[in-house]
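Chemist: Below: one structure in structure tokens.
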Amino acid sequence: MIEFYTGIGDKEVRTIVGKGVLEDVILSAKEKKLLVYPTSLKEYVNKLKSDAIKYEVQDGEGVKDLNRAMEIVEFMFSKGFDRGDTVIAMGGGTISDVVGFVASVYMRGLNLIIAPTTLLGMVDAAIGGKNGVNFKNVKNVIGTFYQPSTIVADIDFLSTLPRQELTRGMAEVIKYSIVLDKDFYDFLAMNQEKIMEGDQSAMEEVITRSIRNKLNIVSQDERETKGIRIVLNFGHTIGHAIEAGSSFSVHHGLAISVGMTCEAKISEEIGYSEEGIVEDVTWMLSSYGLPITIDELEGKIDVNLALSSISKDKKVRSGYLMMPLPTRLGQWRRVDIPLETLNGFAKQCLS
């Protein structure tokens, strides 16, 4: 088991990574507890030794809806929850998003424990304190910044996932290695077989280094006011456009993978990165079975809908979009790109 603390704002966030660690964390929470979990984990939850009040939701992006969030609020209110109590978000990134949002607004904030059960959730979606729900086909329009007291990454859950879920989660892992941590890139290159076989030591390293990389950035720029946290959006401008253009039928990890490839090409073509960055990005993504072109994705992408999504991106300012682009492995810079120029690159990537 690996345990560490990160100071973010006025909170000390505790992170626990290991095998079979979740149940003890839930049992140790002494306050009244609400455990929110997806239908797919019902059997696991029923076997838990816990006195938590249980609340079941459906899996998937549909739970990230303001009406669903208010239903949870109404349930908590009916059960008499107050600011001294705890809510636990167990599941994928969509559940941590909506439950984190609820925890931040219910009585202006109560104790939050995040227990992601997918690789994507453990390394990215559940980490960093961003919470939100979608609105009018645009992701995370309504949201808050709210840090959990504890993050629990129980790698026992990963053994139950199909290989494709591990593959999809690796997109965000690879992102950190490209823009923040060259040593991590080298580790991923040398340990691909162990990682994809779910080796415990390798997975603990992957998850711990990913969380440390992300929380290190978040601790410097929690609310995105200093232009540092934007680095975590590498691959996400084009990636979110792909998701929107597919009406969210394309999985986030797959969309971000293609997005990173496109954005690395933009960096190289504009002249911000050293030659070879595209090759480094595409080699690593391909070695983990991730797509690097739009043709590798299932389903149709509506290019007009995708481009419209870019124009509504939260990073747009006065006709320019702020993008983090890799300059070399482990390094990055922020670039303000005219929307018209970016749309031209995006059309090439999406066609």
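Read the figures in this text as sums done on the coordinates, not as results from a lab. These figures come from a predicted structure and were not determined experimentally. Cβ sites come from the backbone with ideal geometry, for glycine too, and all protein chains shown count toward neighbours.
Chemist: Among T225, I174, S201, whose Cα projects farthest towards the positive end of the dipole of the stretch 151-236, with charges put on the beta-carbon of Lys, Arg (+1) and Asp, Glu (-1)?
Modeler: Projecting each Cα onto the dipole axis, the largest value belongs to T225.
Chemist: Return the subset of K226/K265; K42/K194; K42/K136; K47/K130; K54/K136; K33/K182 for which the Cα-Cα distance in this structure is over 32 Å, preserving the input order.
Modeler: K33/K182
Chemist: Below 10 angstrom from the Cβ of V57, what's the summed charge of the other residues (Lys, Arg +1; Asp, Glu -1)?
Modeler: -2
Chemist: Sticking with this one: According to the Kirkwood expression over distinct Cα-Cα pairs, how big is the hydrodynamic radius of the chain, in Å?
Modeler: Result for the chain stands at 20.4 Å.
Chemist: Further, regarding this structure: How long is the gain from K226 to K47 if the chain were fully straight, where each residue apart is worth 0.36 nm and the alpha carbon distance is subtracted?
Modeler: Length gained, K226 through K47: 59.9 nm.
Chemist: OK, next. With charges set only on the Cβ (+1 for Lys and Arg, -1 for Asp and Glu), what does the dipole of the chain come to about its Cα centre, in debye to the nearest 20?
Modeler: I would put it at about 1080 debye.
Chemist: Could I get the Rg over Rh figure for the stretch 2-160? Both from C-alpha atoms, Rh via Kirkwood, rounded to two places.
Modeler: The Rg/Rh ratio comes out at 0.92.
Chemist: Also, I was wondering about something else. Can you say what percent of the DSSP beta bridges in the chain, counting only those with both residues inside, are antiparallel? Round to 5.
Modeler: Percentage antiparallel, nearest 5: 50.
Chemist: Once you have all Cα-Cα distances for the stretch 68-126, histogram them in 10 Å bins from zero and send the whole-percent values.
Modeler: Bins of 10 Å from zero give 26, 52, 20, 2 percent of pairs.
Chemist: Right, next: What do you get for the angle between helix 252-270 and the principal long axis of the chain? Use alpha-carbon atoms, 0 to 90 degrees, nearest ten.
Modeler: Long axis of 252-270 versus the principal axis of the chain: about 30 degrees.
Chemist: Which value, in debye to the nearest 20, describes the size of the charge dipole of the stretch 2-160 about its Cα centre when Lys and Arg Cβ atoms bear +1, Asp and Glu Cβ atoms bear -1, and nothing else is charged?
Modeler: Dipole of the stretch 2-160, to the nearest 20 debye: 240 debye.
Chemist: Still on this model: Can you give the net charge of the other residues whose Cβ lies under 13 Å from the Cβ of L321, counting K and R as +1 and D and E as -1?
Modeler: Value of the local net charge: +1.
Chemist: Tilt of helix 236-245 relative to the longest C-alpha principal axis of the chain, in degrees (0 to 90, nearest 10)?
Modeler: That works out to roughly 80 degrees.
Chemist: At R0 = 45 Å, how high is the FRET efficiency between K11 and E269 if r is their beta carbon distance? Nearest 0.05 is fine.
Modeler: Between K11 and E269 the formula returns 0.65.
Chemist: Give, as a single signed number, the net charge of other residues whose beta carbon lies under 14 Å from the beta carbon of I127, with Lys and Arg counted +1 and Asp and Glu -1.
Modeler: Net charge around I127: +4.
Chemist: Find the percent of Cα-Cα distances in the stretch 247-351 that exceed 22 Å, and round it to a whole number.
Modeler: Roughly 31 percent, once rounded to a whole number.
Chemist: Angle check, please: helix 339-350 long axis (alpha carbons) against the longest principal axis of the chain (alpha carbons), in degrees 0 to 90, nearest 10.
Modeler: That works out to roughly 90 degrees.
Chemist: Cut-off 10 angstrom, C-alpha nodes, Gaussian network model of the chain. Which of E205, E222, E275 fluctuates the most?
Modeler: Among E205, E222, E275, the largest mean-square fluctuation in the Gaussian network model of the chain belongs to E275.
Chemist: What's the extension gain from D336 to F77 if we count 0.36 nm per residue and subtract their Cα-Cα distance?
Modeler: Net length gain for the segment: 88.8 nm.
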